[in-house]
Amino acid sequence: MSPGILIGTGLALLVLTVLTVAVRYIDVGEFNIYIAIGIAVVKATLVALFFMHLRWDRPFNSLFFVASIAAVVLMIVFTTMDTAQYAPDVIKGNAPEAQKTLDELAPDAPVAVKYPYGM
Amino acid sequence: MTEIHASNHAHDEEHGDHGHHDPHLAHHFETPAQQFDSGKLGMWLFLATEVLFFGGLFVLYCILRYNHPEIFSYASNYLDTVMGGVNTCVLILSSLTMALAVRFAQINKPKWMVICLVLTLLGAVGFLVIKYFEYTHKIHDHLVWGSTFYVPTSVEEAEKLGGGENPVVTTEPAAVAADFVDPSDSEQELIPDSLMQKPATSVSQIKPAQMAPGGIASMAEGEPVVEPPYSSGANHLEDADMPPNTHLFFGIYYCMTGLHGVHVLIGMALIVWLIVRGLRGHFSHKYYTPVDLGGLYWHIVDLIWIFLFPMFYLIH
Amino acid sequence: MSTIDLPHQDDQQGRTPAPVVDNYLTYTRGIKSWIFTLDHKRIGVMYMVSVLVSFLVGGTFAILLRTELLPPGKTIVGADMYNQFFTLHGAIMVFLVIIPSIPAALGNFVLPIMLGAKDVAFPRLNLFSYWLWIAGAICAVVSLLMGGFDTGWTFYTPYSTTTETGGVIAVVTGVFILGFSSIFTGMNFIVTIHKLRPPGMTWFRMPLFLWSIYATAMIQVLATPVLAITLLLLIIERTLNIGVFNPSMGGDPVLFQHFFWFYSHPAVYIMILPAMGIISDVIAVHSHRHIFGYTFIAFSSIAIAVFSFLVWGHHMFTSGQSPLMNTIFSLITFSVSIPSAIKVFNWLATLYKGSISLNTAMLYGLSFIFLFTIGGLTGLHLGTLNTDIHLHDTYFVVAHFHYVMMGSALIAMIAGLHHWWPKMTGRMYSEFWGRIGCLLVFIGFNVTFFTQFMLGSQGMPRRYYDYLPEYQVYHVISTIGSYVMALGFVLTAVYLLASIMFGRRAPANPWGGRSLEWQCTSPPPHDNFKTTPRVGNCYDFSAVVWDEKQQGYVVDRSLDPTLNEPADKA
Ligand SMILES: [Cu+2]
């Protein structure tokens, strides 16, 4: 890997940074976040492949690194799938009403009494 | 096992086999190449743990953002995109100099290697200086984590909030003051007694915009995204449009950038160590494992910031 | 095969003479030579001693708990103290005993020798991770001085962020540190197995213990960091009140459980996978028969490691997790039973027509198969959504995970301890007392915990200080069982310690093992191997023959074709 490749990678990263800032000011609805994350992924790949030499390194190193990222993605996907389903159902209404419900159903429950809204 | 011996690693041309007399070769390795490969694999395993370590915070971020999208698009405006952008560039450039340092070590130019390491260190210092200004600015504006987020910042503000017809009060100000604000903090003493001695506000009295009804139930379906009328520096407590639970954004912001900052500090210590060893002439094209591994660590710090930047600063 | 440093066989009395070469115990002397040692064997021994001491402490709490539950109401301690006791028992046993027991203690000792390496890849990191373990243990003690903790070993929020016991932050810090100790051990083992295998030691010539340690190390490296960040967030939540797990501040308490079990379910496999590895080797060696289905056992370890990341939600069926995720997690949980069952069937097939020596290690190995089968099958009850609603948080769960974590993981550790004891200490223990001890532990264990299945299915909730009178008979039986088990463990401690002083000198290969650790002296020399050994098929016992002179087995090279291959082909 010649210094040229490294400097080229650095320049590409700077250009992408400018690009991702610029995109923030364009409204494309919910795609903004996907574009931002997409650009970040491209940048991260560039760093990993060239700065971190994965392009030339043993495949197992890349494999393990990708596995760690896959584990994070897995966790994000599963927890988000779960949250998407349960969040509205756990306690109906906002917190003050939730407290009322709790008082009715479980008068002695030591929940949220001591520190309403945090300490 | 042929893998070890027939290693055609990218660095092997420089590495070569030079017998068992290499002073850097530990007794339980057969060849320097085997030792180098082991170190590198170990470092990659460590980097994977770093990914998962931060990964937990990424999951937390995703869940919070999924539950409270309005908080993120509102509170992101309090972050300074210019400072964040500059910091991103600083970190990318320091990553570049780090990669060059490794390259110079490989082609046996230790002087240039040290120069590049010093440049990297400067980049790290620059990053932390900018971060310091960002943090102090936010803390000054009470854009902080947890309940403290709702503590008024000044006398006038406290009086205004305490005396107005629209009493916006933190829950149990006394408790907040006692538990979370340093008693020596002069600002705290200036909060009028009327505010301090007020009986604990019942939950229903709290202005919803400020005090976060909802809990996990507040996930707003189809709630319009609030466009804040203030940019950075304006007082969030006076903003009627502030969505509930905005403190969460700053909680996760400080967690993630703070943990990243700690990694930058560790990286700086590593780089200083590499510079010292480099100046003593420890590294050459025959032995530069610490530079290579230190470089990997520094790149992962950069890599994580590449994600943190759009996640916090660039929310439309 | 440059057979390795066997003692000279010119002793006329037909008894093994004292080893001529220095062994790792006598290589250097003095307390400092242990504190700063980089020798994987010494680090393994230090781990073993520390783990066994923690086991004594955790076991004492267990006996106190069982005694407290003898009659309903107060017996020896108050309710708050009881909460602290079961928390301590759980935390000590999980984080200080079972997780490091097999990988860090036995693994450290055995792995490089089995592999034919001189040491682990990073000896300094290895020592560092031992001292991290000590630091974590000290934090736990400090937390007791600060008022203890009563959160349960799971540290669930919001209780752990609001409980008034003062030691929560200290113990969480301790577990955080222990996590890094575990991560570094795992990293070391992966690199060692990848990079330090000598010529001839191909992946599929590795003993199955190494495969299981490898799979375990993968989990240690990939799951433990998530525990670290979870605990860090818990500390931040408790001190700075950022509200991410507090529903009244917009946070999400179920998220904490997601975080916690993302580590702690794989952690169950950090405990059980190396146990399965030990059993694979113990069963094969003591029945003198080639392991059945080597590749299946090897790959089922990897499969279990992969599956372990996909099932954490089965701990949250009743925690408010969504029905969708409940279903998905339940489904994947069932699929874990496939690789586990593959292993059990392969062990049984190995036993079939083997010439079984009922040594103590083998008895523990057979106990493992029995107890693990019960533990595994009751796991299916709990993985089923509708039965779990009934059984969740009852003694059924307690019994299930004790069958898996104690009846399997710990029993396998003790099997391994007996299997490698001659290698570690150079002494033979009394087989007679060993068998008696095993019998006491086995009976005591089943009396203690099988009763708890019945208790649980009748509705006795776990972690309760008091109970209704109709449960008392089960509690009494269970407590008596725990005393029998304790007696068994005390007996084991006594004869093992006695063997160090009075035991017969161990031959290099007392059981007829074939893997490399049986081909260096007992105890092994400092460098393990003077020259890199050549590797045969470690499950081919046809070349292992009894040697009357040494009172042990030796490998007859002429009987093993793999050893006579040209070196470059190996
Ligand atoms: Cu589980």
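Normalising by the residue count of chain C, find the relative contact order in percent from Cα pairs under 8 Å and 6+ residues apart. Present the calculation step by step, with values, prior to reporting the outcome.
On the way: 1002 pairs, mean separation 111.0, N = 570.
It rounds to 19 percent for chain C.
What are the ³J(HN,Hα) values, in whole Hz, obtained from phi via the Karplus relation 6.51 cos²θ - 1.76 cosθ + 1.60 with θ = phi - 60°, for each residue of the range B:68-77 in sequence order, with x given for Gly and Pro?
10, x, 5, 4, 5, 6, 6, 6, 4, 5
What is the set of long-range amide H partners of residue C:394 at a cut-off below 5 Å, with H atoms built 1.01 Å from backbone N?
Distant-sequence amide H within range of residue C:394: C:462.
Using a Förster radius of 35 Å, what is the FRET efficiency between residue C:505 and residue B:27 based on their Cβ-Cβ separation? Nearest 0.05, please. List each step's numbers first, then the result.
Values: r = 29 Å, r/R0 = 0.82.
Efficiency at R0 = 35 Å is approximately 0.75.
What nm distance separates the two modelled labels at residue C:60 and residue C:75, each placed 7 Å from Cα along Cα→Cβ?
Calculated label separation equals 1.8 nm.
Among the listed pairs B:40/B:111; B:109/B:286; A:43/B:111; B:40/B:286; A:43/B:286, give every one whose C-alpha distance is greater than 20 Å.
B:40/B:111; A:43/B:111; A:43/B:286
Quote the FRET efficiency, to the nearest 0.05, computed for residue C:356 versus residue C:138 with a Förster distance R0 of 56 Å and r equal to the Cβ-Cβ distance. It would help to have the intermediate numbers written out before the result.
Numbers: r = 44 Å, r/R0 = 0.79.
Result of the calculation: an efficiency of 0.80.
Given H placed 1.01 Å from N in the peptide plane, which residues other than close sequence neighbours of residue C:427 have an amide H under 5 Å from its amide H?
When sequence neighbours closer than 5 places are left aside, the close amide H contacts are C:506.
From the gyration tensor of the Cα coordinates in the range C:37-564, what semi-axes in whole Å does the equivalent ellipsoid have, largest first, with each one equal to sqrt(5λ)?
Details: eigenvalues 291, 124, 101 Å².
Those come to 38, 25, 23 Å.
If I model a spin label at residue C:239 and residue B:109 as a point 7 Å from the Cα along the Cα→Cβ vector, what separation in nanometres do I get?
4.6 nm
What FRET efficiency would be calculated for the residue pair residue A:63, residue B:276, taking the C-beta separation as r and a Förster radius of 30 Å, to the nearest 0.05? Spell out each step's value before the answer.
Working: r = 35 Å, r/R0 = 1.15.
Between residue A:63 and residue B:276 the formula returns 0.30.
With an 8 Å cut-off on Cα pairs and a minimum separation of 6 or more residues, tell me the relative contact order of the range A:3-85 in percent. Present the calculation step by step, with values, prior to reporting the outcome.
Values: 26 pairs, mean separation 21.4, N = 83.
After rounding, I find 26 percent.
From the phi angles alone, apply the Karplus equation (6.51, -1.76, 1.60; θ = phi - 60°) to the range A:54-61 and give each ³J(HN,Hα) in whole Hz, x where the residue is Gly or Pro.
4, 3, 10, 8, 5, x, 4, 4
Show that you can apply the helix-only estimate: for chain C, add -39,500 (n - 2.57) for every DSSP H stretch of four or more residues, divide by all residues, and state [θ] at 222 nm to the nearest 500.
On the way: 17 runs with 331 residues, N = 570.
Mean residue ellipticity, 222 nm, calculated: -20000 deg cm²/dmol.
What is the dipole size for the range C:78-197, taken about its Cα centre, with +1 at each Lys and Arg Cβ and -1 at each Asp and Glu Cβ, in debye to the nearest 20? Don't skip to the end; give the middle numbers.
On the way: 4 positive and 4 negative charges, 143 e Å.
My answer is approximately 680 debye.
How many square angstrom of accessible surface are buried between C and B, both sides summed, with a 1.4 Å probe and rounding to 100?
Answer for the C-B pair: about 3500 Å² buried.
Using amide H atoms built 1.01 Å from N in the peptide plane, name the residues 5+ places from residue C:547, or on other chains, whose amide H lies under 5 Å from its own.
Correct list: C:552, C:553, C:554.
Would you mind computing, in nm to one decimal, how far apart the modelled labels at residue C:547 and residue C:34 are, each placed 7 Å from Cα along Cα→Cβ?
It works out to 3.1 nm between the two label points.
Of C:353/C:549; C:118/C:195; C:41/C:118; C:41/C:343; C:41/C:530, which pairs sit farther than 22 Å apart, going by alpha carbon to alpha carbon?
Details: C:353/C:549 28 Å; C:118/C:195 12 Å; C:41/C:118 10 Å; C:41/C:343 29 Å; C:41/C:530 16 Å.
Beyond 22 Å: C:353/C:549; C:41/C:343.
The values are calculated or read from the model by the stated rules, or taken from the named source; none is laboratory data. Keep in mind it's a predicted model, so treat the numbers as computed, not measured. Glycine gets a Cβ as well: all are built from the backbone with ideal geometry, and neighbour counts include every protein chain shown. Heavy atoms of the whole protein, side chains included, go into the accessibility calculation; ligands, DNA and RNA do not. Shrake-Rupley method; radii C 1.70, N 1.55, O 1.52, S 1.80 Å.
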